[in-house]
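Report on the following structure.
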Amino acid sequence: MLEVKDLWVTYKSRSGIGVSAVRGVDFDIPDNSFLGLVGESGCGKSTLGFGIAGLLDPKRNDVSGKVILDGQDLYTLSKEQLRTLRWEKLSVVLQGGMNAFNPVLKIKQQFIDVMRAHSNQSTSSMVDRIAELLSAVQLDPRIMDSYPHELSGGMKQRTAIALSLVLHPRLVILDEPTTALDVVVQRSIINMLSELQRLQKFSVLFISHDLGLVLEVANRVMVMYSGQIVEDKPASVIMDDAQHPYTKALLGCYVNPHAENVSLKGIPGTPPDLRGGVQGCPFAPRCSFVMDVCFTKTPQLVKCENGLVACHLYRQDEVTVE
Amino acid sequence: MMANQIQKPVSSTHAQDDTLSRLNQTDLLGKIFRRQSAVHTVWANRKARIGMVILGIFILVAIIGPWISPYSLNNTGFTVSEPPSFAHWLGTTQSGQDVLTQLLYGTRISMLVGFIAGAITIAIALIVGFLAGYFSGWIDDVLSLLMNVMLVLPGLPLMIVIAAYIPSHGIWEIILVMSLTGWAFGGRTLRAQMLTLSRQDYVVAARFAGESPITIIFREILPNMLSYIIANFFGAVTGAILAEAGLEFLGLGNPSITSWGTMIYWAQNGDALLNGQWAWVLAPGLCIALLATSLTLINFGIDAIANPRLQED
Amino acid sequence: MRFILRKLGFLVLTVWVAITLNFIIPRLMPGNPAEAMMAKYAQQGPVPPQQEKALELMLGLPTGSLWQQYWGYVVNIIHGNFGVSYSFFPESVLSVILQAMPWTLTLVGLVTILQFVVGTLLGVYAAWHRGKKFDSIATVLFSFTSAFPYFWIALALIYFLAFIAHWFPISGGYSGSLSPSLNLPFIESVVYHSILPAITIFITGIGGSLLGMRNNMINTLGEDYIFLARAEGLKSKTVAIRYAARNAMLPIVTNFAMSLGLVVGGSLLMETVFAYPGMGYLMSTAISNQDYPLLQTLFLFITISVLLANFAADMVTGILDPRVRKGAAR
């Protein structure tokens, strides 16, 4: 349904040295799939998400590559074509805690604005649709007459999810939707979301820094590091068959081969500065399986037994032992 | 990890800060570099650059004005009420003085009055804003109410009433009246800024560490709101220059000094416009406007430091 | 409701402060202009005793305890008894001011609102097309025009459009050959005479409105809900007006109220230049004649007008912003 081909996103800067936040990403999102995108903050996962949605400001970003949605390349569409395609095929839910709603309009009005921008319907049928959606996200439909500031953080985020579904989109991109919410609220929203996805069969791109959370809801997981996808596997296998050292580290069961005891720990070091590009594998300086080749050659995302991985450890033919 | 959250954002969110913190420079060096980068941000803004150049010229004229003026200020021996000519580029006054000479001398007084009144205004605003923002509770309530009241009272009419009752109209009286009536606007913005900053993690940490309020204000808070203070200072100077001109124009100033405001006062009294002496009236007004514009333009650049959204692409 | 009461309370408080300042200022100042003033009145002719009392209270002639003076002063104000004017002797201060007030209120009021509306709309346009030609030119041009003193713009307009070009009258509120009445020639004359004063207020005021709205709008355009509105595929006109401008307006209305004091101050000077028969011209007459009772009462009337306008602006904010209306945090 959605195909991303060699997508690069470079933030323009006044000094002239751009920072590439997304560096040559390829993947696809089939129909009716729940795809998780995981990585630490600053790895480019949100940029990738907004890049797929065609929401990056061309004044600030250079985008190259293709994003093909139902056979159409988003980056070749006219402004008006892109406008009508938005939300009808592809909607987004922003981070919890952000001001996603216009503070001076009632919730109902904001739903109606979206529907009016894409179709001609009677007000009463629109109100019915809003009530239906709010019930679907387990909210009292009467809150449609509230202003955003009258809702709690959890209610706002449910409303945001309801709003994302209003035009029956093919793909919903959720960017850290439960960040800034407490754990109990987070849990119920995630469960509700996965239930809705199962029933309505839209596709989800779920962006999060929390691998554990993603593993619970997604059926496929992509791990991103420094603007690249380093591993892409079904959620059912990634737990036992994580291959990339970064994924392993993220899973928290990273094992130091020289240590006598196995211990849980964080990942030492910080991601590289992306200015001026990166030579070799971006994870190399933090990797405990690092080899000489890692500093010179960027590993490609290649097929492995259960999915895709980008690491020199799994390309025997290219590793030259010295 | 914890240490990271207690970083001090000296020049707010600004692209170059990231670089510097990553390069792990020593703290002092980092501070200097960041300061410079703040100046760079202002300078990088085209409007601010124009403003800084204009302001620079005015400061220069204020310093060397008396030396470059064609005649002596006390020379009243010229033909009276001359229109602009080669000998008198801006004409002569009703009492036979050279207008250009007056203008060059007046630059110094007008700028001095503006900048001193601006400085006193901002000092009052800072003290009140700091007290209100730092000590919340009833002190804040009272001071905020006072500021709001001062804000809605129309400034010029209030100045006029006070000035009309003052027995002597020297420069200092005028400066005092303008400062006492004009501090509320700066006070309000600085209070808001102070309130935000005093809730930052690093200030809270300093409080828990037992630092005295004075130390915290001067070391932790003041440097971080410098751009706001400067912007408000320039705003206050602009206000003071305009107010001084207004008071002088109404005859509530000291007509015996030579400033841009008194020049217009005398020109208006001498019916300069109706005698075709346009330069006598229009030149000092143009100077007031140019100086005020230059400060406004610089503030565009300073705003961009405090608020990255306003930075030019 | 609580919002309205709070604002009403503030209105009452500020009016009280203005009245009290007016009482205190003459009494704080060194020297005693009051006695000299009363002596000058005595030269002009007999002042009715009630008026004399009002003058003494206003000017701060020490009779009785301070509290008694204050009480008498407040009672006089409530009864509209401000004494007689020195410069327009023996007319009462109130009647002099009431003649001038409509001139200022209509001219300054109408043009200020017009200037605000046009400036704000242009500010929306500049911010939406940020960095384009109009924006770049407008921001520099209007920071320049808004820096001019009101009276200077007035002088320049008189020189070029009235003195040189003879397109407009040089001064006054209506032609000297007509007497004030509600007929067409008189109204035409009033409109004709008000054009230059109106342009003065318009030119100097519009810059502030435009720049304020532009900066606010740019800020608002960075908000998450604008990003989302674009993602929703709303038409750009909807995003610009209903989502961005609608929100950027809110602080602008408050700022407008705050800047009213400046506008009024500038208009006072403008009126002086044009000899326009409003409160500003009256004020400069009062200054040059040292007519303190008139000056002080003018201050009161001007201040109260500004305060009422402020209250109105607050009410508009209340209508526009549901958060303010319900007294939520802001």
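Numerical summary
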item	result
Single residue of A:Leu69, A:Leu7, A:Leu74 found to be within 23 Å of A:Arg170 (Cα to Cα) and without any contact (Cβ under 8 Å) to a residue 24 or more places away in the chain	A:Leu74
Single condition A:Lys5 does not satisfy, out of (1) over 26 Å from A:Gly269 (Cβ atoms); (2) touching a Ser or Thr at 6+ places or on another chain (Cβ under 8 Å); (3) outside any loop (DSSP other than H, G, I, E, B)	(2)
Residue that is part of a helix (DSSP H, G or I) and within 11 Å of chain C (Cβ to nearest Cβ), where the choices are B:Val161, B:Val113, B:Val128	B:Val161
Residues satisfying the stated conditions in the range A:104-125, i.e. surrounded by fewer than 18 Cβ atoms within 10 Å (Cβ to Cβ) and outside any helix (DSSP H, G or I)	A:Ser119, A:Asn120, A:Gln121, A:Ser122
Residue among B:Leu55, B:Leu126, B:Leu100 that is of a type in the set (A, V, I, L, M) and over 24 Å from the mean Cα position of the chain (by Cα)	B:Leu100
Residue tally, condition part of a helix (DSSP H, G or I) and surrounded by fewer than 24 Cβ atoms within 10 Å (Cβ to Cβ), over the range B:248-283	11
Any hit, the range B:180-202, residues being away from chain C (no Cβ under 14 Å), among the aromatic types (Phe, Trp, Tyr), over 21 Å from B:Pro255 (Cβ atoms) and part of a helix (DSSP H, G or I)	yes
Residue within the range C:235-254 that is touching a Ser or Thr at 6+ places or on another chain (Cβ under 9 Å), among the hydrophobic types (A, V, I, L, M, F, W, C), within 8 Å of another protein chain (Cβ to nearest Cβ) and touching a residue at least 24 places away in the same chain (Cβ under 8 Å) present	yes
Every residue from the range B:146-158 that is assigned to a helix (DSSP H, G or I), facing chain C (nearest Cβ under 8 Å) and not β-branched (Val, Ile, Thr)	B:Asn148, B:Leu151, B:Gly155, B:Leu156, B:Pro157, B:Leu158
Count of residues meeting criterion [at pLDDT below 90 and basic (Lys, Arg)] in the range A:163-197	1
Checking C:Pro185 against (1) modelled with pLDDT under 85; (2) more than 10 Å from every other protein chain (Cβ to nearest Cβ); (3) outside any loop (DSSP other than H, G, I, E, B); (4) surrounded by 20 or more Cβ atoms within 10 Å (Cβ to Cβ), the condition it does not meet	(4)
Lone qualifier among A:Leu139, A:Leu133 - being free of Cβ contacts under 8 Å to residues at least 60 places away in the same chain and not in a helix (DSSP H, G or I)	A:Leu139
Subset of the range A:94-119 that is within 8 Å of chain C (Cβ to nearest Cβ) and aliphatic (A, V, I, L, M) - its residue that is nearest to the chain's Cα centre (by Cα)	A:Leu94
Qualifying residue in the range A:295-307 (condition: among the aliphatic types (A, V, I, L, M) and at pLDDT 80 or above)	yes
All positions within the range C:117-139 that are of a type in the set (Phe, Trp, Tyr) and within 15 Å of C:Met217 (Cα to Cα)	C:Tyr125, C:Trp128
B:Leu273 being in the same structural domain as B:Gly155 (by TED's automatic domain parsing) and under 22 Å from the mean Cα position of the chain (by Cα)	no
Subset of the range A:136-154 that is under 24 Å from the mean Cα position of the chain (by Cα) and crowded, with 17+ Cβ neighbours inside 10 Å - its residue that is nearest to A:Met126 (Cα to Cα)	A:Ala136
Residue in the range A:29-40 that is within 18 Å of A:His168 (Cα to Cα) and within 13 Å of chain C (Cβ to nearest Cβ) present	no
A:Glu176, sole failed condition from (1) on the phi > 0 side of the Ramachandran plot; (2) surrounded by fewer than 21 Cβ atoms within 10 Å (Cβ to Cβ)	(2)
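The values are calculated or read from the model by the stated rules, or taken from the named source; none is laboratory data. Just so it is clear, the model here is predicted, and its values are computed rather than measured. Cβ sites come from the backbone with ideal geometry, for glycine too, and all protein chains shown count toward neighbours.
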